[in-house]
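The values are calculated or read from the model by the stated rules, or taken from the named source; none is laboratory data. This is a predicted model, so every value here is computed, not measured. Cβ placement follows ideal geometry from the backbone for every residue including glycine, while neighbour counts extend to all protein chains displayed. The protein model used for the area step is the full one, side chains on, heavy atoms only, and it has no ligands, DNA or RNA in it. Shrake-Rupley method; radii C 1.70, N 1.55, O 1.52, S 1.80 Å.
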Amino acid sequence: MSRGLDDADADALSALATAPPPSTSGNRKSHSQQLRTNTGTNFNFKRHHKHRKHSLDEASMTAAMHGFHDPDEDDDGDRDFYPYATVDDSMTQHYYLNNPGTNNNSNSINNNDDINNDNDYCNIININDMSSSCNEHHPLPEFTSTGGGSGYFKAPSRSAVHPGRPTAVELRPHPLRETQVGRFIRTIACTETQLWAGQECGVRFWNFCDAFEPGLGIGGRARRGDEDAAPFYESVNTPPATCLMVDRASKLVWSGHKDGKIRSWKMDQQAIDDAPFKEGLSFQAIHRGTVLCMVTSSYGDIWAGFENGVIKVWPWDSVEKSLALSPEERHMAALLVERSGVDLKSQATSNGVCSISSSDVKYLLSDNVRSKVWAAGSLSFSLWDARTWELLKVYNVDGQIENRVDVSSEKDQPLEEEGSVKGGSKSKKEKQGGFLQRSRNAIIGAADAVRRVATKGTGAFAAEDAKKTEALLLAYDGTIWTGCSNGLLVQWDANGNRLRDFHHHRCAVLCFCTYGPRIWVGYVSGMVQVIDLDGNLIAGWIAHNGPVIKMVVGNGSVFSLATHGGIRGWYISSPGPLDNILRPELSKREHMYNTIESVRIMVGTWNVGQGKPSPEALISWLGSQSSDVDILVVGLQEVEMGAGFLAMSAAKETIGVEGSPNGQWWQDAIGIAIGEGSTFERVGSRQLAGLLIAIWVRKSLRTHVGDLDVGAVACGLGRTFGNKGGVGLRLRVYDRIMCFVNCHLAAHLEAVNRRNADFNHIYRNITFGRSINNASVGVSSTAQMLRPATPVAINPDDGKPDLAEADMVVFCGDFNYRLFGITYDEARDFVSQRSFDWLRQKDQLRAEMKNGRVFQGMREALIRFPPTYKFERGKAGLGGYDSGEKKRIPAWCDRILYRDNRSSPASECSLACPVVASVWQYEACMDVTESDHKPVRCKFTVQIAHVDRSIRRQEFGKIFMSNEKISSIREELRCVPEISLSADKIVLQSQETCPLTITNKSNKDDAIFQILCEGLSAVNDGEEPEHRHRGSFGFPRWIEVAPAVGIIKPGTVAEISIHVDDTHETEDEGGQQHCRSEDTRDRLAILSVVIRGSKSTATRSHQCHVHHRYSPNCCRVVQHEPSTKGLGSKKHQSSNHRSSAKFDDHHRSRREC
């Protein structure tokens, strides 16, 4: 390109005055006199000029302009800039005018005019060296928009210890999603000494004694994502585990899997660090399908729920026999259990019509209070007798009975069907009728499914989806609680009658947990709430930054599992006095676990005008500047346009399809320019019509970056088309949330209010979620099973925008703000003279930001590059500005703004202000000519303060175990109320009932009781009985205990009914025999009454022996010998004796009558 002036440049120069443009603000002061460097040094260079000639070829003047500006040109608005580096623009101009041979990247100025040189410049250093030095040590000044101190635009508050929630031990800190591919944890369960977790590759467990131990670290036996977790042990690889069930009696943990198998694992086993532990008994529960849920009934039987409404039961007797076999007989043991299973759905089906719903059985609940089992689908329930396996009731989520079941006829139906099969085959007519009925049901079901999909989210079906059951719980007072996808909590009685509704949060309920008089509720928003048994809200806090999918009680804590795999333990009495001690003590030790990292981020934006650049252009824009960058974010506009493409893109968005071949081409081309594969790794992208945003991360930093989510908001044509709008990325960097948004706002000079409205619409409405294009990165194979029912359930209307919760937000793009109050020729003159301070006064965006109408609270570095719009394609330099008929006024349309955690410029990086950013480079690439816009880039240096989770967990443990105040409070909370039993031995015959009373002798504490069967045996004269137990200490079938769980208020009495019935008790080849057992031996059951306090998991046990006698001449006897375990004083024992005597007299007189 010629270094002389062309005709256009000559014409422009002829119109220029020999002096700077007149000031519009009176006596103007140099901007450099107002701004100070970080070291306090003032740059005060004088500028002397009689006459200046200006080249309109900008390519030779750009590279040395970083950190320089004109000292004679300032405006009042520049006082809003943060006082960082202030090096003079005049130095740059003076250097080039006096060094005509200087070459700056491409073209240089050749100016032979006489200039009056000042002696101050005689020894000026090389301008390139000075620019580099400035960029290395001094960030650029910044302009801050007003209105960022409150509301949605206020930076989120952070602290070393979260002030708004109880303190928690992080057993497993939040792992990055990308590290969990094929290993997502989806459920947890507690034993007395361990926390078990079911994951996609098997199971694992933590010992509670290791809860405060440091993590295994990178390079240890823990894989990436678990380096900061407490020490744990993993099983051999299995298909994904979907549910867990604890059997404390057999010391087993049962797991249900995606391959339809149920596996057992030994509790308290001595696992070896490097050797995965192996399963015990396993059997095929279903041949096609997934085990969705499991529960042990009050009689020890194993119940499991599957797809399509299938419910199966395995009697404990068969499981017990299989567990007794040797490992060599494992195949036989599995076969024995499999054959004993009973399909309850088949029993509830007659002539092809099933009494229960065909929807997936998502939840099973054992009502140990009344010996029932609840099975829940999304919109219906079925209630079963745990002892006889009979269907009692089917009803919907509104409590309305869907099918009244005649128990007597239903009870006989399976036997009739079995008899007909054994006696001979059905007639052809019967077969045909059954086939037609089944076909009709199948067609109706398919039509209903299609109708639901077609009308999803509309009308009655949207309301129906909002009622879906997402959680099920048995409270200690015997009531049943369900949680719905609209946040509704519903209380039911034991018979399935709907009692009351409660609504404390607008998000979907995902899980429940209970202990004593408290119920813990986990929501999809990450919130946990604590309510009492009357539904009153006690407390609530954000427990995780993701949905809470499971909560369990163990070791004095409530453990919560988030969908990302993080596990936290909350003390069972939280929020309470323990938190008030732990929080400040943990904050004092911030210096021990606080770590600060420095990250370089480069953000680029370019309106490409549907063009495709040369490799040299991409290298000039991005490749040449990426050597010292850790994270690169690129935002493009107008990648592809046209009415047909925009309409097709809008249609694809409605069905979740995004991207285009052009968008993929751009990502590949940029990847080549920056060294993707060898240096950088592409993390993800999002495209909305012509808008595209993509991110690359340096491989050395990749282990600390992840959890990528994407979002998009359309602003064009009624907020539906993507020609205008925004696309965004959200990710975690060193556990801090950063968001990047690429925007294309409304065009035209006069559309300022529309641009403001577009920004406001994008900021408030962009929501981040998993991208289909990036679905291969960190997607759980079981994630579909855990998604909330409706999107509205995730983001309630009154919640904050996603961007408001981020630690750093960067907006880039073609914002389309123009220069106002200035003509085309005036703008060209100011640009040619590099009078950017003058032009900034005419910048619409800066004026709107100063008035707090847009980009509230966001910052932008001082602009020191020419306007980037509008240029003629293929024409380099400033001479390329639009010279056509429209002569669009040059403008800074392409901008990059940001917001970090700082509330003031002086804020330093700490856990209270974890992300502090500064701009070191903000420039346009004026040599790129493939579009009518110039690409812009901005380099940030970001300081990030984050917590070393492993060290903090250790410090938490030291405080928890050594603090005297905490030890004293824990001792008080560990108190177990003293109780007394009316009898420790009861003798009954068949069909007899006897009450057992439990008296709470405490005056202030509730007593929580649970009755278990620790052992049972047949009584032979002269022989010592050999006691055995059933699964989960379940009862034998010949005894009924109601209620078996409950809460006793201080100073009150609970009456327990103990009934003996020796019918319905034997099993034969998986089917029940409804007859009296022929075994006439006496039997003995050892009942254990386990007592707990309401604020601790400490327990005390009391025993009561129930003797079932068959002798017809035997009188029922209640013996009154005091219990040797857990009883109180002599006075207590005597009152117990008197109480038992009253019962004896009462029942003796009743029997005589």
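The rows are residues; the columns are (1) open to solvent by 30 Å² or more (accessible area, probe 1.4 Å); (2) part of a helix (DSSP H, G or I); (3) modelled with pLDDT under 90; (4) among the β-branched types (V, I, T).
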residue: A789; (1), (2), (3), (4): no, no, yes, no
residue: N795; (1), (2), (3), (4): yes, no, yes, no
residue: D798; (1), (2), (3), (4): yes, no, yes, no
residue: L803; (1), (2), (3), (4): no, yes, no, no
residue: N816; (1), (2), (3), (4): no, no, no, no
residue: G821; (1), (2), (3), (4): yes, no, no, no
residue: D829; (1), (2), (3), (4): yes, yes, no, no
**Fill in**
When every residue in region 542-557 that is buried (at least 18 other Cβ atoms within 10 Å of the Cβ) and of a type in the set (V, I, T) is compared, the one farthest from the chain's Cα centre (by Cα) is V552
**Fill in**
Residue count, region 896-927, condition small (G, A, S) and assigned to a loop (DSSP other than H, G, I, E, B), comes to 5
**Asked** (1) more than 33 Å from the chain's Cα centre (by Cα); (2) under 26 Å from I619 (Cβ atoms); (3) among the charged types (D, E, K, R): which one isn't true of K965, the others all being true?
**Response** (2)
**Complete:** In region 866-891, anything open to solvent by less than 10 Å² (accessible area, probe 1.4 Å) and over 41 Å from the mean Cα position of the chain (by Cα) is listed as P866, P867, F871, G877, L878, G880, Y881, P890, A891
**Request:** Name the one entry in E860, E930 that is at pLDDT below 95 and either open to solvent by less than 30 Å² (accessible area, probe 1.4 Å) or part of a loop (DSSP other than H, G, I, E, B) (or both).
**Result:** E930
**Asked** Can A714 be described as touching a residue at least 24 places away in the same chain (Cβ under 8 Å), farther than 17 Å from T605 by Cβ and crowded, with 23+ Cβ neighbours inside 10 Å?
**Response** yes
**Message:** Condition first: modelled with pLDDT under 95 and either aliphatic (A, V, I, L, M) or not assigned by the TED database to the domain that holds S624 (or both). Now tell me which residues in region 912-927 satisfy that.
**Reply:** A912, M926
**Prompt:** Any residue at all in region 959-974 that is modelled with pLDDT of 90 or more, of a type in the set (F, W, Y) and crowded, with 23+ Cβ neighbours inside 10 Å?
**Reply:** no
**Complete:** Filtering region 191-204 down to residues that are open to solvent by 10 Å² or more (accessible area, probe 1.4 Å) and within 28 Å of L586 (Cα to Cα) yields E192, T193
**Item:** Leading residue by the ranking (least open to solvent (accessible area, probe 1.4 Å)) among those in region 333-355 that are touching a strand residue (DSSP E or B) at 6+ places or on another chain (Cβ under 8 Å) and among the hydroxyl-bearing types (S, T, Y)
**Value:** S340
**Fill in**
Considering residues that are more than 13 Å from H505 (Cα to Cα) and either in contact with a strand residue (DSSP E or B) (Cβ under 6 Å, 6 or more places away or on another chain) or at pLDDT 95 or above (or both), the number found within region 539-554 is 11
**Prompt:** Out of all the residues in region 287-306, which are surrounded by fewer than 24 Cβ atoms within 10 Å (Cβ to Cβ), modelled with pLDDT under 95 and at negative phi?
**Reply:** H287, R288
**Item:** Residue that is under 19 Å from K1049 (Cα atoms), surrounded by fewer than 19 Cβ atoms within 10 Å (Cβ to Cβ), in contact with a strand residue (DSSP E or B) (Cβ under 8 Å, 6 or more places away or on another chain) and not assigned by the TED database to the domain that holds N901, where the choices are K1001, K985
**Value:** K1001
**Message:** Quick check on my filter: what residues within region 491-541 are open to solvent by less than 20 Å² (accessible area, probe 1.4 Å), of a type in the set (A, V, I, L, M), within 26 Å of V373 (Cβ to Cβ) and assigned to a strand (DSSP E or B)?
**Reply:** V509, I519, V521, I531
